Amino acid sequence: MRRLLTDPLARLRERADEREAAGLRRRLRFRRADTPLLDLAGNDYLGLTRDPRVIAGGVEALQRWGAGSTGSRLVTGSTELHGELESALAAHCEAQAALVFSSGYLANLGAIVALSGPDTLVVSDAHNHASVVDACRLSRARVAVVPHRDVSGIERALDERSEHAALVVSDAVFSVDGDAAPIVALHDVCQRAGALLVVDEAHALGVVGNRGEGLVAAHGLAGATDIVRTVTLSKALGSQGGAVLGSIDVIEHLVDAARPFIFDTGLAPACVGAALAALRVLDVEPQRASAARGNAGRLAAALGRPNSDAAVVAVPVGSPEAALAAAERCAAAGVHVGCFRPPSVPDGVSRLRLTARADLTDVDLERAIQVVAGALARN
Ligand code: PMP
C-alpha cells in the first residue's frame with residue numbers, strides 16, 4: 001500500500017541526523033569585520049578585496065549608478081560600466097569579447113547549457129566544480145564524466161560518440177586540490193574531434209601567468225576560437241560576479257541564448273566598479289600573481305605537499321571528523337583554513353584547503369605553517 005508522508009519535514013530531520021552521525025553537518029559562522037584570524041580560507045588571492053583602490057571603484061560606481069542594476073542585462077541592467085568591465089576583461093585575458101554574469105556559477109550555467117543540448121556529448125572531468133556539474137545536468141546532453149585529468153579517456157569518449165556535436169569542460173585550476181588541467185593536450189584532443197573546449201578559469205584568473213591572465217592565455221591559446229573561458233570576479237578580483245570570454249560569435253550566441261544572462265538581474269554596479277578597479281591594479285602590479293603562487297609554493301613545501309599550480313594548497317586528512325577537528329584547532333590558534341568534506345570531496349579524502357594570498361608576509365607564512373603543522377600532528 002502507498003504510504004504517504006504526514007509530516008513533510010520529518011525526512012529532513014532524518015537526513016540531518018544521518019549527516020550528524022557521519023560528521024557532515026555544516027554550520028554557518030558569521031565573520032566579524034575585525035576578525036583576528038589569519039585568513040587562509042578565502043579566495044582573495046591577490047589581497048584586493050580591501051584594497052583602497054578597489055573599494056573606491058565600488059563606492060564610485062554605487063554613487064554614480066545606484067545600489068542595483070535595476071533590470072536584466074537586456075532591459076535596463078547593462079550600464080556603460082558593464083561594457084567597460086567587459087572590454088577590460090577581454091583585454092586582460094586576450095579574448096575577443098567578454099560577457100558579464102552576476103556570478104561565476106551563473107556564467108558556467110549560461111555558457112555550458114547554451115553551448116550544448118540534446119544533440120551534444122558533454123565530457124566533464126570528475127573533479128570539476130559543482131557549478132560545472134550542475135550545468136552539465138541542466139544541459140539535457142548526454143554527459144560522460146571521465147577520471148581526473150585523463151586526456152586519453154576524453155579522447156575515447158569523443159571518438160565513440162554518436163552525437164554530432166561535443167563539448168569538453170574542465171576547470172583550469174581545480175578548486176579543491178589546486179592542480180592545473182593539461183590544457184594544451186586537452187585543446188589538441190578537442191581540435192582533432194571537432195569539440196568545443198570550455199575552461200573554468202575561476203582559480204586561474206589573476207594567479208596563473210605572468211600577469212594573471214589565466215591558464216589558457218599563459219599557454220598561448222587565447223586566440224583559439226574553439227576555447228570558451230569562464231571566470232569569476234569573486235576570487236582574485238576581490239569583488240563578486242562572473243563572466244564568459246570567447247569569440248564574438250560565442251558571445252553573441254550567449255546574449256541570445258544563455259538563460260542566466262537573459263533572465264537574471266544584471267550584476268550590481270558596485271561589484272562591476274570594484275572588479276574593474278581590481279583589474280586596473282593587476283595591470284599595474286602584475287607581480288601580485290607570482291607572489292600568490294610563490295607563497296603557495298612555500299606553504300606546500302613546508303607541509304610536505306606537491307607544489308601548487310596556482311594558489312591553492314590541499315592537505316588530505318582522511319575522515320571528515322579528523323578534518324573538522326584539525327580545522328578547529330587551527331582556528332583556535334588564530335588561523336582560518338578551509339575544511340572540505342563530502343559532498344565537496346569524495347568519501348575518505350576530506351582535506352584542509354589553504355589559500356595563499358599575494359599579501360601574506362613572512363611572519364604570516366611562518367605562523368600559518370607552525371599552526372597547520374601542529375594541528376595535523378595531533379590527528
Ligand atoms: N568555478 C569554480 C571552479 C569555483 O571554485 C567557483 C566558486 N567556488 C565558481 C565557479 C563559482 O563562482 P562564483 O562564486 O562567482 O559563483
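Annotations
- For Val337, the criteria (1) crowded, with 17+ Cβ neighbours inside 10 Å; (2) outside any loop (DSSP other than H, G, I, E, B); (3) in contact (Cβ under 8 Å) with a residue 60 or more places away in the chain; (4) out of contact with any Cys (no Cβ under 6 Å at 6 or more places or on another chain) hold in every case but one, which is (4).
- Search result, residues across the stretch 333-367 that are over 13 Å from Ala322 (Cα atoms), of a type in the set (D, E, K, R) and more than 17 Å from the chain's Cα centre (by Cα): Asp359, Asp362, Asp364, Glu366, Arg367
- A residue that is of a type in the set (Asp, Glu), away from the ligand (no atom under 12 Å from the Cβ) and assigned to a helix (DSSP H, G or I) occurs somewhere in the stretch 85-98.
- Among the helices (runs of 4 or more DSSP H) confined to the stretch 192-292, the ones with at least 3 residues that are under 20 Å from Gln96 (Cβ atoms) are located at 215-218, 248-257, 269-284.
- Flag if Arg29 is surrounded by 10 or more Cβ atoms within 10 Å (Cβ to Cβ), basic (Lys, Arg) and under 24 Å from Glu321 (Cβ atoms): no
- Of all residues making up the stretch 43-67, the number that are surrounded by 21 or more Cβ atoms within 10 Å (Cβ to Cβ) and part of a helix (DSSP H, G or I): 4
- Residue within the stretch 165-178 that is among the polar types (S, T, N, Q), buried (at least 22 other Cβ atoms within 10 Å of the Cβ) and not in a helix (DSSP H, G or I) present: yes
- Scanning the stretch 113-139 for residues that are buried (at least 22 other Cβ atoms within 10 Å of the Cβ), more than 11 Å from the ligand (Cβ to nearest atom) and in a helix (DSSP H, G or I) returns Val113, Ala114, Cys136.
- Tally, over the stretch 151-173, of residues that are farther than 14 Å from Thr120 by Cα, more than 16 Å from the ligand (Cβ to nearest atom) and in contact with a strand residue (DSSP E or B) (Cβ under 8 Å, 6 or more places away or on another chain): 2
Read-outs: derived from the displayed coordinates by stated rules, not from any lab. Since the model is a prediction, treat every value here as computed from it, not as a measurement. Here the Cβ is made from the backbone with ideal geometry for all residues, glycine too, and neighbour counts use every protein chain on show.
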